[in-house]
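Worksheet: one structure, shown below.
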Amino acid sequence: MAAFHPIGVLFVCMGNICRSPMAEAVFHHMVQEAGLADHIHTDSAGTGGWHAGERPHPSTLAVLRRHGIDASGQRARQVTINDFTQFDYIVAMDNDNLVDMARFHPEAHVRACLLLDYVPDVPVREVPDPYYNGRFEEVFNLVTVGGRGLLQHIRERERL
């Protein structure tokens with residue numbers, strides 16, 4: 001009998017302190033609520049490594065806390081080439097993240113997609129970076145909608 005391996009989902013943004021850790025925390029919360037924590041493993045990373053080892057941005061943590069979601073154990077890290085073999089779903093926050101991932105793996109453009117690709121009726125395709133605009137609550141709303149769409153996709157595709 002083959003060994004069971006949980007489905008891996010990696011969320012990616014630029015520095016891994018705002019959007020991707022928020023998306024990871026929100027999605028992980030959804031996975032737990034759905035009773036699928038043994039089946040789906042989540043993580044996040046940044047295309048840049050300048051925040052490696054840091055906790056998520058204080059405003060990211062504040063928004064998550066307001067919504068009852070914990071991200072206290074998260075630490076920023078940079079994407080690695082191994083992520084492309086270890087994760088089944090590589091989910092970027094914006095098109096720049098998709099382009100930047102090509103530095104790490106030649107098939108990044110095939111392996112990765114945008115989070116909001118899982119929600120066709122949302123009027124935006126990219127999750128904006130709140131590091132520059134301060135709109136952390138808007139990002140929370142987008143990653144929540146995107147996370148729901150992604151979870152539904154995974155449940156259907158993986159028969160969970």
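The values are calculated or read from the model by the stated rules, or taken from the named source; none is laboratory data. In this text the structure is predicted, and so the values were computed from the model without any measurement. Cβ coordinates were reconstructed from backbone atoms using ideal geometry, including for glycine residues, and neighbour counts include every protein chain displayed.
Taking segment 42-51 as the region of interest, how many residues are of a type in the set (S, T, N, Q) and assigned to a loop (DSSP other than H, G, I, E, B)? Reasoning before the result, please.
Filtering segment 42-51 down to residues of a type in the set (S, T, N, Q) leaves 42, 44, 47.
Among the residues that remain, those that are also assigned to a loop (DSSP other than H, G, I, E, B) are: 47.
Residues in segment 42-51 being of a type in the set (S, T, N, Q) and assigned to a loop (DSSP other than H, G, I, E, B): 1 in total.
Of all the listed residues (LEU115, LEU160), the sole one being aliphatic (A, V, I, L, M) and farther than 19 Å from ASN16 by Cβ is LEU160. Hey, any hits in segment 92-106 for a residue that's buried (at least 22 other Cβ atoms within 10 Å of the Cβ), part of a loop (DSSP other than H, G, I, E, B) and in contact with a helix residue (DSSP H, G or I) (Cβ under 7 Å, 6 or more places away or on another chain)? Scanning segment 92-106, I find at least one residue that is buried (at least 22 other Cβ atoms within 10 Å of the Cβ), part of a loop (DSSP other than H, G, I, E, B) and in contact with a helix residue (DSSP H, G or I) (Cβ under 7 Å, 6 or more places away or on another chain), so the answer is yes.
State which residue is nearest to VAL12 (Cα to Cα) when the search covers only segment 54-73 and only residues that are assigned to a loop (DSSP other than H, G, I, E, B) and either of a type in the set (A, V, I, L, M, F, W, C) or modelled with pLDDT under 95 (or both). Applying the filter and picking the extreme gives ALA71. Of all residues in segment 1-41, those being free of Cβ contacts under 8 Å to residues at least 60 places away in the same chain, buried (at least 24 other Cβ atoms within 10 Å of the Cβ) and not in a helix (DSSP H, G or I) number 0. Here the condition is being of a type in the set (Val, Ile, Thr), under 26 Å from GLN152 (Cα atoms) and assigned to a helix (DSSP H, G or I); of VAL110, VAL124, it holds for VAL110 alone.
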